[in-house]
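As structure tokens, the structure follows; a few thoughts come after it.
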Amino acid sequence: TGSAQTHQFQAEVAELLNLMVHSVYSETDVFLRELISNASDACDKIRYEAIARPELLAGDDKLAIRLIPDSAAKTLTIADNGIGMDRQELIDNLGTVARSGTKAFLQGLKDAKEGLGLIGQFGVGFYSAFMVADRIEVVSHKAGTSETWVWISAGGAGYEVAAASDEQAKAVPRGTRIVLHLKEDAARYLQAFELERIVRAYSDHILFPIELVDDKGEARQVNAASALWQRAKSEVTTEDYTQAYRSIAMAFDEPALTLHYKVEGRQSYAVLLFVPTTPPFDLSDPARKGRVKLYVRRVFITDDADLLPAYLRFVRGVVDSEDLPLNLSREMLQNNPQVKQIRSGLATRVLNELEGLATKDADAFAKVWGAFGPIVKEGLYEDHERRAQLLALTRFSTTASDTLRSLKEYVADLKPNQTEIYYLVGDSIDRLKSNPKLEAARARGVEVLLLTDPIDAFWTMMPQEFEGKPLKSLSQGDLDFGLIPLLDEAGAKEEKPSSSDEDQAILTAVKEALGDQISEVRASQRLTESAACLVASAQGRDRELERLLARQNR
Ligand code: ADP
Ligand code: MG
């Protein structure tokens with residue numbers, strides 16, 4: 001048609017763009033990582049689609065990403081020959097906020113003081129380009145179609161979409177070309193060495209060649225473009241791993257733990273997984289989706305194959321299979337027995353590796369646990385097969401120490417005649433510590449686990465045991481420290497048999513006074529200082545769980 005149509009941005013996008021355009025955020029380099037990552041996704045997509053429709057790659061099957069600085073025009077162009085976008089996709093993808101990361105960023109801006117510092121942490125995708133450009137043109141030609149479209153915006157409230165000119169259409173036979181009209185203070189992104197530096201730092205392990213085009217039009221590849229996970233461990237440095245982690249996980253921190261191995265045999269696959277140091281933004285996403293990428297013989301298939309259980313969703317990385325069929329549809333992935341086998345192997349391996357870290361380097365493990373412990377504990381609730389291993393990994397606040405303790409340590413320090421592991425669930429350590437239910441344990445020097453994560457109320461609902469010792473809640477049922485001796489003798493003498501006449505008279509009086517509000521009044525050895533406390537029955541729900549469920553309206 002040729003005539004441009006003006007569109008309004010979705011309100012969130014307008015808000016975001018306003019932020020980007022007026023950004024004083026100094027680490028603007030992230031925009032290049034985001035645009036290269038999109039170009040790489042587009043190349044992944046066409047390669048995947050072309051398995052079923054090889055004609056999509058006809059005429060140009062060498063997928064690549066090109067960076068073309070133009071000093072005279074003050075533009076930086078990022079071009080790919082990937083899948084491309086048609087008119088509607090330009091509108092849908094570049095006019096709305098779809099990705100959870102961007103939503104989380106906007107939410108984070110409202111919640112946190114760090115403000116724009118979150119750009120790097122969350123990644124704001126395509127829109128981050130408005131930090132360095134005051135006008136952006138996106139020329140795109142979707143593979144398998146005959147039209148080329150142009151999307152243009154100067155930030156603000158809206159954008160235009162129009163059919164491409166003949167010249168533009170000729171320049172983009174397939175894929176997408178993004179032309180950034182750089183702001184005055186972003187002129188450094190016209191310099192080859194600057195672009196090369198950023199590519200090496202953040203995008204080195206993108207599997208497609210990233211080529212830098214000089215002013216004579218000559219292209220030179222600036223990234224390694226190798227599948228690091230296929231290399232031998234001995235050839236890979238810590239630095240390489242960190243870079244791979246950053247480019248695969250779109251992260252800026254260091255990996256806290258790196259797993260790199262190959263499985264050979266009935267099934268062969270290479271694994272490169274990372275545990276981050278800082279929690280990724282999408283951990284609290286209700287979908288609880290993992291992000292481990294599945295490749296088949298170096299071809300990216302999906303990052304939606306749930307290769308790890310949900311309670312390990314903070315783990316990032318790649319699995320590259322030699323045996324799976326390339327044309328495995330995303331739907332088929334769920335039921336494929338080979339994928340199932342990979343899943344099971346991966347989860348076990350990650351837990352083994354965490355266990356290894358806990359033994360080798362307790363401090364490093366404590367940090368991992370601090371960041372992801374509450375997530376891992378979801379496994380106590382849902383992964384029955386690995387529950388023993390998960391319990392062994394779990395670290396607890398307890399009454400015995402200011403540092404976190406394992407159940408192994410707890411069991412090693414049992415009091416004489418102690419056969420159970422005691423815990424108390426509540427909102428905060430401080431409140432738990434002043435709970436009268438702890439008195440009897442304290443009088444006997446018995447250690448009590450203090451559980452304060454929301455998930456704790458759930459996994460403790462099911463009977464749990466560690467090395468043959470059952471876990472028992474202090475706020476539930478009849479608790480009998482019976483044979484565990486009191487710490488000081490004076491205390492021991494004061495303890496009276498609970499069936500004395502005097503006791504009975506008090507119990508009856510209390511029961512009469514409270515009537516139906518309670519089901520029973522009992523003398524107990526539970527308290528040493530307080531006069532009375534409320535306890536749930538041994539069968540019913542834990543009191544803390546009741547409170548938690550009430551809060552969540554269940
Ligand atoms: P995300 O990559 O997380 O989806 P972005 O804001 O980076 O979010 O990109 C939004 C969407 O725009 C992408 O999901 C993709 O559909 C589309 N897109 C962006 N860049 C390209 C590109 N070079 N080629 C094809 N599609 C693209
Ligand atoms: Mg993106």
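Taking only the range 47-77 into account, find how many residues are among the hydrophobic types (A, V, I, L, M, F, W, C), within 13 Å of ligand 1 (Cβ to nearest atom) and either out of contact with any helix residue (DSSP H, G or I) (no Cβ under 6 Å at 6 or more places or on another chain) or at pLDDT below 95 (or both).
1
If you check PHE130, PHE126, PHE193, which single one turns out to be without any contact (Cβ under 8 Å) to a residue 24 or more places away in the chain, in a helix (DSSP H, G or I) and within 34 Å of the chain's Cα centre (by Cα)? Break it down stepwise before answering.
Details: PHE130 fails: without any contact (Cβ under 8 Å) to a residue 24 or more places away in the chain; PHE126 fails: without any contact (Cβ under 8 Å) to a residue 24 or more places away in the chain.
On inspection, the qualifying residue turns out to be PHE193.
Quick one: ARG177 ticks every box in (1) under 30 Å from ALA58 (Cβ atoms); (2) without any contact (Cβ under 8 Å) to a residue 60 or more places away in the chain except a single one, so which number is it?
The number of the failed condition is (2).
So in the range 165-187, with the set limited to residues that are within 16 Å of VAL30 (Cα to Cα), part of a helix (DSSP H, G or I) and of a type in the set (A, V, I, L, M, F, W, C), which one is farthest from ligand 1 (Cβ to nearest atom)?
Applying the filter and picking the extreme gives ALA187.
Please count how many residues of the range 193-245 are more than 19 Å from VAL318 (Cβ to Cβ), among the hydrophobic types (A, V, I, L, M, F, W, C) and in contact with a strand residue (DSSP E or B) (Cβ under 9 Å, 6 or more places away or on another chain).
So the count comes out to 6.
With respect to THR403, is the statement that it is surrounded by fewer than 16 Cβ atoms within 10 Å (Cβ to Cβ) and among the polar types (S, T, N, Q) true? Don't jump to the end; show me each part of the working.
Details: surrounded by fewer than 16 Cβ atoms within 10 Å (Cβ to Cβ): yes; among the polar types (S, T, N, Q): yes.
Yes: the conditions hold for THR403.
From the list PRO463, PRO497, PRO485, exactly one residue is over 40 Å from the mean Cα position of the chain (by Cα), loosely packed, with under 12 Cβ neighbours inside 10 Å and at pLDDT below 95. Which is it? Steps first, answer last, please.
On the way: PRO463 fails: over 40 Å from the mean Cα position of the chain (by Cα); PRO485 fails: loosely packed, with under 12 Cβ neighbours inside 10 Å.
Going through PRO463, PRO497, PRO485 in turn, the sole match is PRO497.
Would it be correct to say that GLU147 is within 30 Å of ASP61 (Cβ to Cβ), surrounded by fewer than 16 Cβ atoms within 10 Å (Cβ to Cβ), in contact with a strand residue (DSSP E or B) (Cβ under 9 Å, 6 or more places away or on another chain) and of a type in the set (Asp, Glu)? Step through it out loud before you land on a result.
Details: within 30 Å of ASP61 (Cβ to Cβ): yes; surrounded by fewer than 16 Cβ atoms within 10 Å (Cβ to Cβ): yes; in contact with a strand residue (DSSP E or B) (Cβ under 9 Å, 6 or more places away or on another chain): yes; of a type in the set (Asp, Glu): yes.
Yes: the conditions hold for GLU147.
Here's the yes/no breakdown for (1) surrounded by fewer than 19 Cβ atoms within 10 Å (Cβ to Cβ); (2) on the phi < 0 side of the Ramachandran plot; (3) within 16 Å of ligand 2 (Cβ to nearest atom):
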site	(1), (2), (3)
LEU32	no, yes, yes
ASP44	no, yes, yes
ILE51	yes, yes, no
ILE65	no, yes, yes
THR96	yes, yes, yes
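Quick check: anything in the range 177-186 within 16 Å of ligand 2 (Cβ to nearest atom) and touching an Asp or Glu at 6+ places or on another chain (Cβ under 8 Å)?
Keep residues of the range 177-186 that are within 16 Å of ligand 2 (Cβ to nearest atom), which gives 178, 180.
Next, only the ones that are touching an Asp or Glu at 6+ places or on another chain (Cβ under 8 Å) stay: 178.
Looking for residues that are within 16 Å of ligand 2 (Cβ to nearest atom) and touching an Asp or Glu at 6+ places or on another chain (Cβ under 8 Å), one finds at least one in the range 177-186, hence yes.
Within the range 264-301, track down each residue that is assigned to a strand (DSSP E or B) and surrounded by fewer than 18 Cβ atoms within 10 Å (Cβ to Cβ). Please lay out each step first, then the result.
Going residue by residue through the range 264-301, those that are assigned to a strand (DSSP E or B) are 269-276, 293-296, 299-301.
VAL299, the sole residue that qualifies.
State which residue is farthest from ligand 1 (Cβ to nearest atom) when the search covers only the range 34-46 and only residues that are closer than 18 Å to LEU180 by Cα and of a type outside the set (Gly, Ala, Ser).
Ranking the qualifying residues of the range 34-46, first place goes to ILE36.
Among the residues in the range 18-29, are any assigned to a helix (DSSP H, G or I) and crowded, with 21+ Cβ neighbours inside 10 Å? Break it down stepwise before answering.
First pass over the range 18-29, keeping only residues assigned to a helix (DSSP H, G or I): 18-21.
Imposing the further condition that a residue be crowded, with 21+ Cβ neighbours inside 10 Å reduces the set to 19-20.
So far as the range 18-29 goes, yes, one or more of its residues are assigned to a helix (DSSP H, G or I) and crowded, with 21+ Cβ neighbours inside 10 Å.
In this structure, is PRO337 surrounded by fewer than 19 Cβ atoms within 10 Å (Cβ to Cβ) and without any contact (Cβ under 8 Å) to a residue 24 or more places away in the chain? Give the derivation first.
Working: surrounded by fewer than 19 Cβ atoms within 10 Å (Cβ to Cβ): yes; without any contact (Cβ under 8 Å) to a residue 24 or more places away in the chain: yes.
It is true that PRO337 is surrounded by fewer than 19 Cβ atoms within 10 Å (Cβ to Cβ) and without any contact (Cβ under 8 Å) to a residue 24 or more places away in the chain.
Any chance the range 209-222 includes a residue that's closer than 25 Å to ASP134 by Cα, under 27 Å from the mean Cα position of the chain (by Cα) and buried (at least 18 other Cβ atoms within 10 Å of the Cβ)?
No: zero hits.
Would you check which residues across the range 259-299 are aliphatic (A, V, I, L, M) and over 26 Å from PRO325 (Cα atoms) and list them?
To start, the set of residues in the range 259-299 that are aliphatic (A, V, I, L, M) comprises 259, 263, 270-273, 275, 283, 287, 292, 294, 296, 299.
Hits for the range 259-299 are VAL275, LEU283, ALA287.
Can you name every residue in the range 47-88 that is of a type outside the set (Lys, Arg), part of a loop (DSSP other than H, G, I, E, B) and more than 24 Å from ALA162 (Cα to Cα)?
Step one: of the range 47-88, the residues of a type outside the set (Lys, Arg) are 48-52, 54-61, 63-65, 67-73, 75-86, 88.
Add one more test, that the residue is part of a loop (DSSP other than H, G, I, E, B), and what stays is 58-61, 63-64, 71-73, 81-86.
Passing the criteria: ALA58, GLY59, ASP60, ASP61, LEU63, ALA64, SER71, ALA72.
Cβ-Cβ below 8 Å, separation at least six or inter-chain, first residue in the range 319-330 and over 21 Å from ALA347 (Cα atoms), second assigned to a strand (DSSP E or B) and not acidic (Asp, Glu): which pairs?
PRO325/VAL296; LEU326/VAL296; LEU326/VAL299; LEU326/ILE301; LEU328/VAL296; LEU328/ILE301
Restricting to the range 13-70, name every residue that is over 12 Å from PHE130 (Cβ atoms) and among the aromatic types (Phe, Trp, Tyr).
If the condition is that a residue be over 12 Å from PHE130 (Cβ atoms) and among the aromatic types (Phe, Trp, Tyr), then TYR48 is the only one that fits.
Which condition breaks for VAL199 when tested against (1) among the aliphatic types (A, V, I, L, M); (2) more than 19 Å from the chain's Cα centre (by Cα); (3) farther than 26 Å from LEU67 by Cβ?
(3)
Only one of (1) crowded, with 19+ Cβ neighbours inside 10 Å; (2) out of contact with any Ser or Thr (no Cβ under 7 Å at 6 or more places or on another chain); (3) modelled with pLDDT under 95 fails for VAL124. Which number is that?
(2)
Within the range 133-149, count every residue that is among the hydrophobic types (A, V, I, L, M, F, W, C), in a strand (DSSP E or B) and either within 14 Å of ligand 1 (Cβ to nearest atom) or at pLDDT below 95 (or both).
So in the range 133-149, the residues among the hydrophobic types (A, V, I, L, M, F, W, C) come out as 133, 136, 138-139, 143, 149.
Going one step further and asking which of them are in a strand (DSSP E or B), we end up with 133, 136, 138-139, 149.
Still in the list and also either within 14 Å of ligand 1 (Cβ to nearest atom) or at pLDDT below 95 (or both): 136, 138-139, 149.
Count: 4.
Kindly check whether there is at least one residue in the range 104-116 that is under 16 Å from ARG33 (Cβ atoms), surrounded by 14 or more Cβ atoms within 10 Å (Cβ to Cβ) and modelled with pLDDT of 65 or more.
Among the residues of the range 104-116, at least one is under 16 Å from ARG33 (Cβ atoms), surrounded by 14 or more Cβ atoms within 10 Å (Cβ to Cβ) and modelled with pLDDT of 65 or more, which makes the answer yes.
Return the pair list, or none, for Cβ contacts closer than 6 Å from residues in the range 278-302 that are acidic (Asp, Glu) to residues that are modelled with pLDDT under 90, at least 6 apart or on different chains.
Matching pairs, first to second residue: ASP282/SER100; ASP285/SER100.
The values are calculated or read from the model by the stated rules, or taken from the named source; none is laboratory data. The structure presented is a predicted model; accordingly, all values stated were derived computationally and were not measured. Positions of Cβ are generated from backbone atoms using ideal geometry, with glycine treated the same way; all protein chains shown enter the neighbour counts.
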